[in-house]
Amino acid sequence: MHHNNLKWASRHPRKAIQSLFRMENIKWAIRHPRKAAITVFYDRHAFVAKHQAAGQTIQKTANDTSRRADAPIGRHLREGITITGYLRSEIGLGQAARNLSYAADRAQLPISMRHLPIPGRENEPEFATKCNDTARRRGNLFVLGLPAISTNHTELQTGQSNILYPFWELPSIPKDLFQYLEAYDEVWAPSRFIASAFDDRPGIRVRFLPVPVRVPSMIPPTRLNRTKFRIFTFFDFDSFGARKNPQASVAAFQAAFSRDKDDVELTIKTRGENDKGLRKWLNEVAANDNRIKIIDQTFSRKEVDNLIINCDTFISMHRSEGFGFGAAEALAAGKAVIATDYGGTTDFINENTGYPVPYDLIPLKTRDYIHSMGQSWADPSIEAASIALRAAYDSPDSARKKAVNGFNLLNKEFSTTAVGEKMKFLMKTAGLANKP
């Protein structure tokens with residue numbers, strides 16, 4: 001087929017199908033001409049291999065509203081999945097991919113790993129020798145920011161089940177990404193918030209697989225011999241400073257503790273290039289309040305862990321989070337967490353496990369985030385956050401009780417052991433792992 005144009009294939013689906021007259025499952029393509037046409041545009045050879053097995057069936061159950069057909073998996077493939085992502089990068093997406101591999105290991109699942117390069121952002125050496133670009137397993141799990149599917153669709157593998165593990169921070173999925181979603185067999189959503197964004201796409205099967213968190217076997221003790229109450233937050237400018245909203249953390253801190261109170265400290269860890277003037281603002285704030293510390297550099301995983309260990313409370317005044325790694329890792333370290341009651345953090349932060357901060361929904365400004373047209377996100381209450389900070393300071397026993405509850409929740413539902421078992425179930429359901 002010489003028509004390498006999506007618009008042509010969409011307008012003439014039957015002609016696109018006719019170019020594939022040799023495939024054995026022509027009946028499926030005739031029943032689903034739009035899907036066939038789109039797939040032809042991306043990789044007609046992959047389409048032939050993927051649908052050469054006879055008979056796709058549509059599963060309809062009371063608990064599954066998806067109408068997507070089950071995709072047959074090519075023969076002579078190794079059992080298990082290949083985790084594809086930024087495995088050598090220090091960014092949150094890289095940590096998510098690594099944690100998924102830890103979870104699979106805990107469940108003794110057959111996996112391989114394939115690294116997607118990010119020049120200049122590959123500061124995690126652990127997986128340098130663990131990745132293999134030639135692995136051929138039954139499934140591929142792509143750990144990506146949702147917008148990246150438009151540039152990574154060539155990574156989809158022929159004759160295998162392709163599963164998307166997308167990270168996304170807004171309540172709706174941009175319509176211009178719908179065409180790329182069609183190429184995936186399933187979506188495994190990292191949070192309930194992300195899963196809900198797919199509600200208006202009923203043709204895609206979505207399953208919830210929480211992000212694994214490294215949870216120690218026992219909750220760490222409280223910090224001993226503290227002379228200052230330490231509050232900590234961190235973010236990457238390249239993850240959109242407007243979304244991370246450090247201004248609200250600063251405002252809540254200064255509202256909670258008057259300038260003459262010198263036994264409190266707010267540390268803000270940053271990095272990244274796309275600061276849009278926010279870096280300058282933070283430095284000016286710190287220059288005018290010696291209780292505010294700015295750390296502006298790339299740290300190793302161990303160095304970031306040490307910053308979390310050496311704080312008393314973690315704060316995240318985000319406008320939205322797909323998951324919320326910082327809050328989750330602080331909870332795993334036994335810290336009290338104050339977080340906007342919106343986005344992915346609502347899976348594990350509530351009145352029992354932390355200090356959820358109420359908010360108002362506000363429309364996005366064009367430059368605040370990508371695909372912002374018609375979208376909204378949270379504007380957390382600075383007053384409520386300052387009250388929460390003061391409560392964590394004044395009532396350490398109550399703050400500790402919340403932290404213990406949060407740690408127990410993570411251990412039960414988000415640990416690598418717990419998520420590994422959920423991954424095993426999903427893999428067996430999808431025919432990617434052998435049943436016992």
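All of the numbers you see were taken from the coordinates with simple rules; none came from a lab. Remember, it's a predicted structure, so these values are computed and weren't measured experimentally. Glycine gets a Cβ as well: all are built from the backbone with ideal geometry, and neighbour counts include every protein chain shown.
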Gained length - Glu351 relative to Ser196, 0.36 nm times residue gap less alpha-carbon distance: 53.6 nm
Charge tally for neighbours of Val357 with beta carbon under 12 Å away, counting Lys, Arg as +1 and Asp, Glu as -1, is -4
Convex hull over the Cα atoms of the range 107-200, averaged projected area in nm²? 7.5
Kirkwood hydrodynamic radius of the range 151-227, from inverse mean 1/r over distinct Cα pairs, in Å: 15.0
Report the calculated FRET efficiency for Glu126 and Asn290 (r = Cβ-Cβ distance, R0 = 41 Å), to the nearest 0.05. 0.65
I'd like the projected area of the range 164-278, averaged over all directions, using the convex hull of its alpha carbons. Report it in nm² with one decimal. 11.2
Ordering 408-417, 317-326 by per-residue average of other C-beta atoms within 10 angstrom, highest first, gives 317-326, 408-417
Gain upon complete extension [Asn310, Arg367; 0.36 nm per residue less C-alpha separation]: 17.0 nm
One finds, for Phe178 and Asp263 with R0 = 41 angstrom and r their Cβ-Cβ distance, a FRET efficiency to the nearest 0.05 of 0.15
Just list whichever of Lys302/Lys335; Lys228/Lys293; Lys261/Lys401; Lys175/Lys424; Lys293/Lys401 have alpha carbons separated by over 20 Å in the model shown. Lys261/Lys401; Lys175/Lys424; Lys293/Lys401
Can you compute 3J(HN,Hα) from phi for each residue in the range 96-111, using the Karplus curve 6.51 cos²θ - 1.76 cosθ + 1.60 with θ = phi - 60°, rounded to whole Hz and x for Gly and Pro? 4, 5, 5, 5, 5, 5, 5, 5, 5, 5, 4, 8, 6, 8, x, 9
Hey, if you drop one equal point scatterer on each alpha-carbon of the range 222-316 and run the Debye formula without solvent, what base-10 log of I(q)/I(0) do you get at q = 0.14 Å⁻¹? -0.50
Extension gain, Gln247 back to Arg78 (0.36 nm per residue minus Cα-Cα distance, nm): 55.9 nm
Straight-line reach only, C-alpha to C-alpha below 13 angstrom: list the aspartates and glutamates that Lys428 could link to, leaving out same-chain residues fewer than 8 apart. Glu79
Take the Cα of Ser395, step 7 Å along the line toward its Cβ, and report every residue of the range 337-353 whose backbone nitrogen sits under 17 Å from that point. 337-339, 350-353
For the range 348-358, just list the computed ³J(HN,Hα) in residue order, Karplus coefficients 6.51, -1.76 and 1.60, θ = phi - 60°, integers in Hz, with x standing in for Gly and Pro. 9, 10, 9, 4, 7, 10, x, 10, x, 9, x
